[in-house]
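Peer 1: Please find one structure pasted underneath; my questions will follow.
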Amino acid sequence: MIKNTPTDRGQHIDDLRGAIEHRATWFYLLIKEAKKRGLDYDFARDAIFSCGAFHGGHKFAKTDNLVEFGPTFATENVKNIFEMDVTTSPEEMYIEFHYCPLVSAWQKLGATEEEIEILCDIAMDGDRGIASAYPAFEFELGKTIAKGDDVCQVWFRKKK
């Protein structure tokens, strides 16, 4: 069973969460329509990965230093929206997400737990794409709220 309950972070954060839920809604409806037309999930994975790679190349700090990268990836608003705990060192940035507005949207839309797990992994292709723009970094996804875990775990690590 998916557990995904936000804490009150104020109207501003609620508004930002709503914008992310809106994005998750059209993402879900786009996937459903594509499935009706016989497409598999690969088109979405490729598109989301490309989006992440674009943002990795244009939005975040251009660095091979995780301490510099961290605050551009996990801004204060992003940390509040996803209720993130972030620990950063020169070798690793570890993030725990305690809430996910994408999962919230998919639940509201009536997606099954199996669908939510797949949608979450596709959404994480964006972060995989971001990491691909940094030759010095690697990305790992651990537990996820979408799989029924209490948190999502994400690591960006320096490649050895």
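Peer 1: Consider the range 78-112. How many of its residues are in a loop (DSSP other than H, G, I, E, B) and either surrounded by fewer than 19 Cβ atoms within 10 Å (Cβ to Cβ) or under 15 Å from the mean Cα position of the chain (by Cα) (or both)?
Peer 2: The number of residues fulfilling the criteria is 11.
Peer 1: Show the residue pairs meeting these rules: Cβ distance below 7 Å; 6+ apart or different chains; first residue within the range 104-126 and closer than 13 Å to L141 by Cβ; second residue part of a loop (DSSP other than H, G, I, E, B).
Peer 2: C120/T144; I122/Y41
Peer 1: State all residues of the range 13-40 that are buried (at least 16 other Cβ atoms within 10 Å of the Cβ) and aromatic (F, W, Y); if no residue qualifies, say none. So that I can check it myself, show each step before the final result.
Peer 2: Filtering the range 13-40 down to residues buried (at least 16 other Cβ atoms within 10 Å of the Cβ) leaves 13, 16-17, 20-21, 24, 27-28, 31.
Residues satisfying the conditions are F27, Y28.
Peer 1: So, in the range 123-147, of the ones that are of a type in the set (S, T, Y) and over 11 Å from the mean Cα position of the chain (by Cα), which residue ends up least open to solvent (accessible area, probe 1.4 Å)? Walk me through it before giving the result.
Peer 2: The initial filter retains those residues of the range 123-147 that are of a type in the set (S, T, Y), namely 132, 134, 144.
Checking which are over 11 Å from the mean Cα position of the chain (by Cα) leaves us with 132, 134.
Values: S132: 63, Y134: 10 Å².
Filtering first and then ranking leaves Y134.
Peer 1: Follow-up question, since we're still on this one. With the condition kept exactly as written, say whether any residue in the range 39-54 is among the aromatic types (F, W, Y) and closer than 28 Å to R9 by Cα.
Peer 2: The initial filter retains those residues of the range 39-54 that are among the aromatic types (F, W, Y), namely 41, 43, 49, 54.
Right, trim to closer than 28 Å to R9 by Cα and you get none.
No, that holds for no residue.
Peer 1: Shifting gears a bit: Determine if the range 4-11 includes at least one residue that is without any contact (Cβ under 8 Å) to a residue 60 or more places away in the chain, assigned to a helix (DSSP H, G or I) and out of contact with any Phe, Trp or Tyr (no Cβ under 8 Å at 6 or more places or on another chain).
Peer 2: Among the residues of the range 4-11, at least one is without any contact (Cβ under 8 Å) to a residue 60 or more places away in the chain, assigned to a helix (DSSP H, G or I) and out of contact with any Phe, Trp or Tyr (no Cβ under 8 Å at 6 or more places or on another chain), which makes the answer yes.
Peer 1: Please determine whether any residue of the range 57-69 is of a type in the set (D, E, K, R) and within 19 Å of L119 (Cβ to Cβ). Step through it out loud before you land on a result.
Peer 2: Going residue by residue through the range 57-69, those that are of a type in the set (D, E, K, R) are 59, 62, 64, 68.
This time we only want the ones that are within 19 Å of L119 (Cβ to Cβ), so: none.
There is no residue in the range 57-69 that is of a type in the set (D, E, K, R) and within 19 Å of L119 (Cβ to Cβ).
Peer 1: With respect to F54, is the statement that it is in contact with a Ser or Thr (Cβ under 8 Å, 6 or more places away or on another chain), open to solvent by 70 Å² or more (accessible area, probe 1.4 Å), closer than 20 Å to I122 by Cα and modelled with pLDDT of 95 or more true? Give the steps one after another, and end with the answer.
Peer 2: Details: in contact with a Ser or Thr (Cβ under 8 Å, 6 or more places away or on another chain): no; open to solvent by 70 Å² or more (accessible area, probe 1.4 Å): yes; closer than 20 Å to I122 by Cα: yes; modelled with pLDDT of 95 or more: yes.
Judged against the criteria, F54 is not a match.
Peer 1: Search the range 29-77 for residues being assigned to a helix (DSSP H, G or I) and of a type in the set (S, T, Y), and hand back the single one that is nearest to W106 (Cα to Cα).
Peer 2: We begin by selecting, within the range 29-77, every residue assigned to a helix (DSSP H, G or I); these are 29-36, 42-58, 66-73, 76-77.
From what is left, the residues that are of a type in the set (S, T, Y) are 50, 72.
On the way: S50: 22, T72: 27 Å.
Filtering the range 29-77 for residues that are assigned to a helix (DSSP H, G or I) and of a type in the set (S, T, Y), the one nearest to W106 (Cα to Cα) comes out as S50.
Peer 1: What's the number of the condition E68 fails, among (1) buried (at least 19 other Cβ atoms within 10 Å of the Cβ); (2) closer than 13 Å to F156 by Cβ; (3) not aliphatic (A, V, I, L, M)?
Peer 2: Every listed condition holds for E68 apart from (1).
The values are calculated or read from the model by the stated rules, or taken from the named source; none is laboratory data. Please read all numbers here as calculations on a predicted model, not as lab measurements. Virtual Cβ from ideal backbone geometry, glycine too; neighbours counted across all protein chains shown. Heavy atoms of the whole protein, side chains included, go into the accessibility calculation; ligands, DNA and RNA do not. Shrake-Rupley method; radii C 1.70, N 1.55, O 1.52, S 1.80 Å.
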